[in-house]
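*Asks:* Questions regarding the structure given below will be posed in turn.
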Amino acid sequence: MTVLFDERPVGNWEMKLYSWAISMPEPKTSYISVPGRDGDLDFTQSLDGTVRYNNRSVSLALSLNGDYEKWFTTIQDFSAFLHGRKRKLIFSDDPNHYYLGRFTIDPIKDNQVIGDISVSGICDPYKYKTEKTVVESDVAGSTQVILTNEGMPAVPKITADAQMQLVFTLDGTEHTV
């Protein structure tokens, strides 16, 4: 497996991935203590049942073989591209999704043969699809279209070229527009 930043594989810098970790995003919890009441009131979920999340952390361990001259040249180029920048992080084993975050690097070279590069990032709580989901449907009479979401709250954009009645179900409640 390899990683790509903005669709540039780390192999372009002759680096290899040897370990990685992605934390789960921590839920944004909200509790209110009421005097004279046992326990706290839990307002973590919004009225529509949605839980919001904090950002997640990502860490990657990369290695680079080569002498000191190659090391300095490669690290200079890699850090100019990545360090402090907001980039898409794509894993080759999950090419249809990416994480979006700001990354920093910490290079360590303590011998002539190999050097280590630690990459850290603070990323959005959700992983995103690399391609937008587009569903097109020709409607004559009545048609049912099911839109499945992977977890991130989203609002569909519906375009019609004629007058129509839209009936949709959201969280078990039917709405008519």
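*Asks:* Tell me which of these Ile117 doesn't satisfy, since it passes every other one: (1) within 30 Å of Arg52 (Cα to Cα); (2) of a type in the set (A, V, I, L, M, F, W, C); (3) in contact with a Leu (Cβ under 7 Å, 6 or more places away or on another chain).
*Replies:* The number of the failed condition is (1).
*Asks:* Return yes when Pro35 is free of Cβ contacts under 8 Å to residues at least 40 places away in the same chain and not charged (D, E, K, R) and no when it is not.
*Replies:* The answer is yes for Pro35.
*Asks:* For Gln163, work out the one condition from (1) over 26 Å from the mean Cα position of the chain (by Cα); (2) under 30 Å from Leu4 (Cα atoms) it doesn't fulfil.
*Replies:* Exception for Gln163: condition (2).
*Asks:* Name every residue in segment 98-143 that is over 21 Å from Ala21 (Cα atoms), more than 23 Å from the chain's Cα centre (by Cα) and among the hydrophobic types (A, V, I, L, M, F, W, C), in order of residue number.
*Replies:* If the condition is that a residue be over 21 Å from Ala21 (Cα atoms), more than 23 Å from the chain's Cα centre (by Cα) and among the hydrophobic types (A, V, I, L, M, F, W, C), then Val113, Ile114, Val139, Ala140 are the ones that fit.
*Asks:* While we're here: So which strands (runs of 3 or more DSSP E) stay within segment 47-160 end to end and still have 2 or more residues that are surrounded by 14 or more Cβ atoms within 10 Å (Cβ to Cβ), out of contact with any Asp or Glu (no Cβ under 7 Å at 6 or more places or on another chain) and not hydrophobic (A, V, I, L, M, F, W, C)?
*Replies:* 56-65, 97-108, 114-123
Quick note: the coordinates plus some simple rules give every number you see, no bench work behind them. Note that the coordinates shown come from a computational prediction; the quantities given were computed from them, not determined experimentally. Cβ: placed from backbone, ideal geometry, glycine included. Neighbour counts: every protein chain shown.
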